[in-house]
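The values are calculated or read from the model by the stated rules, or taken from the named source; none is laboratory data. Everything numeric here is computed off the predicted structure, so don't read it as measured data. Cβ placement follows ideal geometry from the backbone for every residue including glycine, while neighbour counts extend to all protein chains displayed.
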Amino acid sequence: MLNIFVSIAVAIVVIKLLLLWFEPQMAFFPVRGVQQTPAALSLSFEDLRIQTQDGETLHGWWLEHPAPRAQVIFWHGNGGNLSMWLDLLADLRRRGFSVLAVDYRGYGISTGTPSERGIYLDADATVREFERRFRRRTVPTIYWGRSIGASVAASSTTAQRPDALILDSPMADVRSIFRTNPVMWTLSLLTSYRFPTTRFLQRYDGPLLVIHGDRDTIIPFASGQQVFASAPSRQKTFVTMRGADHNDLDVVDARAYWRAVDGFIAKIDTPR
């Protein structure tokens, strides 16, 4: 009997060590290099290098609008790099936003290797740079994250409160993604990655917009609903994008997507 218990314990340890080694490859899909810049779309921008507290150098873009209706710090999803997200960033700029966007460590030409703890440090460095160089106190500041970037945006509210928060296709946490898959849910108990969006939001009571596609095949629609339901904010709005999957929220019905964003932003109080 003792041998059985020892064998089970050894197996659990081995599985856990394998998961710890493999989880960054399951969570992050970076693309290296810079394939195109805002200049390709005739947009002026400032090319940035931002230092993190643990010694990495992040690559970012600052797209400044001459008369912004809001300033946005945008955190992208777990795939690609800034170049792959250029269309959305350009759309934000054209719609009247100044935008700061940064590649996580290991993405684009940012140094390092991505990890959950690491991208939170990246977010802290980005917010500090924004506060130091770009923030205009008379214009609302919005943290905006998509997919894994929603967890990053939510984490940033614990360090520096924004005037509003927008989360596209957020996960409540890693386990919420695997709720209908018993094997993956059990394995998730042994991983170190959590991306606990709901926990990060417990101290944020400002304006919140959650947008989620009802046909999301990556992060279940129910996980986005859980994020919204658990958020303590009394100024929160949930928008369902009918027929949208994970990465096409602003494509399936662009008019409905931007109408929701515009309506939300119109209600944000102007800082004084």
*Elements of type helices (runs of 4 or more DSSP H) contained in the stretch 172-232, each with 2 or more residues being out of contact with any Phe, Trp or Tyr (no Cβ under 6 Å at 6 or more places or on another chain) and at pLDDT 95 or above*: 197-200, 221-230
*asked:* Name the single residue that is surrounded by the fewest Cβ atoms within 10 Å (Cβ to Cβ) among those in the stretch 233-258 being assigned to a helix (DSSP H, G or I) and touching a strand residue (DSSP E or B) at 6+ places or on another chain (Cβ under 9 Å).
replied: 252
